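For reference, the structure is listed below as structure tokens.
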Amino acid sequence: MKIAQPTQPRIFYLGFFSNLTDVTLNEDVARSNEYINLVIFYTLSSEAMSDESQRNSIFNVIADLNVHHATLEDLKLHAPDKLSHLQRGGIRDGVGRNEAQTQQMLDKIPPSDRSGVDAQSSAENVREYLTEKDASHVEPHSKGGSGHPDNIKWEDRSTNRARGDRDMTPQEQFQLDFTAQIENLAGAVKAGLKAAPKGAVIAAATTLPFAVLRNALRVVRGEISAQDAMQVTLKTTAIAGGAGGVTAFTVTTIAAASPPIAMALAAISPALLVIGGAGMVKEFFNILDNHKEKTKAYYESLTQQELAHLKKIEEELIYEHNKNMEFLADERTKNLAFLAESKSLNTKISNRPIENGVEAALKRYLESAEIARSLGGIPVGETLLNGSQNFLVFSED
């Protein structure tokens with residue numbers, strides 16, 4: 001048996017209806033334990049549900065569904081006139097049917113037409129179904145036909161009386177049986193449609209608080225904005241409501257059409273309610289634990305980022321320090337070389353021979369000026385030497 005996957009929710013619900021067709025057309029299948037287990041398994045399988053919130057909402061929706069099929073005791077309390085119809089319908093004399101035969105007459109009513117949310121509503125539905133119905137004989141009473149349920153079918157009063165005392169043909173019997181199955185399916189769908197809004201409300205109400213909590217914590221962690229959190233919350237709640245409505249419609253439709261399934265669901269509803277409640281508690285603590293873990297990871301990430309930033313600053317400082325040390329060492333070398341050169345030059349200048357006379361003094365000055373120019377300086381008083389230079393030239397002549 002292939003189970004629908006979370007990415008294929010439609011298959012999950014189509015599976016219900018494909019099987020529902022078989023149920024409405026085959027009473028034996030509807031009563032089989034195999035089919036009951038199949039429906040329950042499909043309904044409760046976590047594989048068919050997308051996440052924890054949806055699972056919890058589905059459990060609560062199913063646990064809150066009420067599908068009750070009328071019993072003889074229900075008719076005694078809420079529709080005694082129709083109980084008499086079951087006991088004596090088609091019988092013209094005698095004490096009427098015993099309890100087992102009366103139950104058979106009740107079972108001939110399409111299941112969805114004798115279903116409701118409680119004993120009173122299901123009895124009222126039986127009354128409504130039987131209002132225009134006669135207990136019609138397959139073999140007429142006038143021709144020796146008995147009043148046993150095996151010889152009786154529920155039929156519209158006008159059709160039964162129009163037939164008179166002739167036998168019911170096989171075609172008429174088939175038409176009655178087919179019509180009963182169609183009525184069963186139509187009634188089941190009607191019951192499902194009535195249950196869908198309630199299922200949607202339950203699922204949405206179950207999901208909303210957790211969606212608010214989960215997304216509010218995401219806002220606190222800075223993952224999304226408040227506006228985005230509101231949109232996500234509404235979307236999640238709407239999806240859960242839709243899933244709850246579809247689930248309520250599907251399960252109610254099947255349960256209304258098949259009394260054994262309704263009984264099975266009624267039996268497991270308390271357990272589903274406990275599971276749904278426990279799941280909600282678990283989900284609450286899971287949300288808090290998830291927030292705690294993500295917050296811890298966030299601050300650990302911040303610590304690592306800060307350490308990486310500090311390390312980068314330290315490396316930059318070390319680089320600048322080394323660069324400055326290299327510059328100072330280079331400048332020191334240059335300064336020492338400059339000092340040595342200056343000392344040598346000073347020694348050379350200081351040790352020049354001193355000659356007497358103006359001509360010797362001027363020659364010595366010109367040498368000093370040349371040295372100044374080679375060092376990038378401007379010799380002091382150079383503009384005043386033009387006359388002296390002419391003098392030197394004149395004297396040489």
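The values are calculated or read from the model by the stated rules, or taken from the named source; none is laboratory data. None of the values given here were measured: they were computed from a predicted structure. No Cβ is skipped: glycine too gets one built from the backbone with ideal geometry, and neighbour counts run over all protein chains shown. SASA here: full protein model, heavy atoms, side chains in, ligands and nucleic acids out. Shrake-Rupley method; radii C 1.70, N 1.55, O 1.52, S 1.80 Å.
Using a simple spin-label model with pseudo-atoms 7 Å out from Cα toward Cβ, Asn356 and Arg157 lie 17.0 nm apart. Residue by residue, the stretch 60-65 carries 3J(HN,Hα) couplings of 5, 4, 5, 4, 8, 6 Hz when phi is fed to the Karplus relation 6.51 cos²θ - 1.76 cosθ + 1.60 (θ = phi - 60°); x denotes Gly or Pro.
Using the Karplus relation 6.51 cos²θ - 1.76 cosθ + 1.60 with θ = phi - 60°, the per-residue 3J(HN,Hα) values for the stretch 115-120 come to 10, x, 8, 7, 4, 5 Hz, with x marking Gly and Pro. Tell me, what is the FRET efficiency for Val117 and Asp81 to the nearest 0.05, using R0 = 22 angstrom and their Cβ-Cβ distance as r? Taking R0 as 22 Å, the efficiency between Val117 and Asp81 is 0.50. Backbone amide hydrogens, once placed in the peptide plane, bring Ala135 within less than 5 Å of Gly90, excluding anything fewer than 5 places away on its chain.
Listed here are the pairs Lys82/Lys108; Lys235/Lys296; Lys82/Lys190; Lys82/Lys198; which of them are more than 25 Å apart at the Cα?
Working: Lys82/Lys108 14 Å; Lys235/Lys296 28 Å; Lys82/Lys190 23 Å; Lys82/Lys198 30 Å.
In this structure, Lys235/Lys296; Lys82/Lys198 lie more than 25 Å apart at Cα.
Solvent exposure of Asp134, expressed as accessible area, is near 20 Å², computed with a probe of 1.4 Å over the protein chains only.
Using a 1.4 Å probe and counting only protein heavy atoms, arrange Lys76, Lys348, Lys82 so the residue with the most accessible area comes first.
Values: Lys76 105, Lys348 145, Lys82 30 Å².
Largest to smallest exposure gives the sequence Lys348, Lys76, Lys82.
How long is the gain from Val220 to His309 if the chain were fully straight, where each residue apart is worth 0.36 nm and the alpha carbon distance is subtracted? Provide the component values of the computation, followed by the final result.
On the way: separation 89, 0.36 × 89 = 32.04 nm, distance 2.51 nm.
So the extension gain works out to 29.5 nm.
Would you mind telling me the share, in percent, of accessible area of the stretch 42-201 contributed by carbon and sulfur at probe 1.4 angstrom? Whole-percent figure for carbon plus sulfur exposure: 51. Other residues lying with their Cβ under 11 Å from the Cβ of Val126 contribute a combined charge of -1, Lys and Arg counting +1, Asp and Glu -1.
Around the Cα centre of the stretch 319-360, unit charges on the Cβ atoms of Lys, Arg, Asp and Glu (plus for the first two, minus for the last two) sum to a dipole of about 120 debye.
So if I place +1 on the C-beta of Lys and Arg and -1 on the C-beta of Asp and Glu, and nothing else carries charge, what would the dipole magnitude of the stretch 166-313 be about its Cα centre? I want it in debye, nearest 20.
Details: 14 positive and 11 negative charges, 146 e Å.
Dipole magnitude for the stretch 166-313 comes out near 700 debye.
For the stretch 76-88, the Karplus equation 6.51 cos²θ - 1.76 cosθ + 1.60, evaluated at θ = phi - 60°, returns couplings of 4, 7, 10, 8, x, 5, 7, 5, 5, 5, 5, 6, 10 Hz by residue, with Gly and Pro reported as x. In terms of its C-alpha gyration tensor, the stretch 243-311 comes out prolate, because a/c is 1.5 or above and the ratio a/b outweighs b/c.
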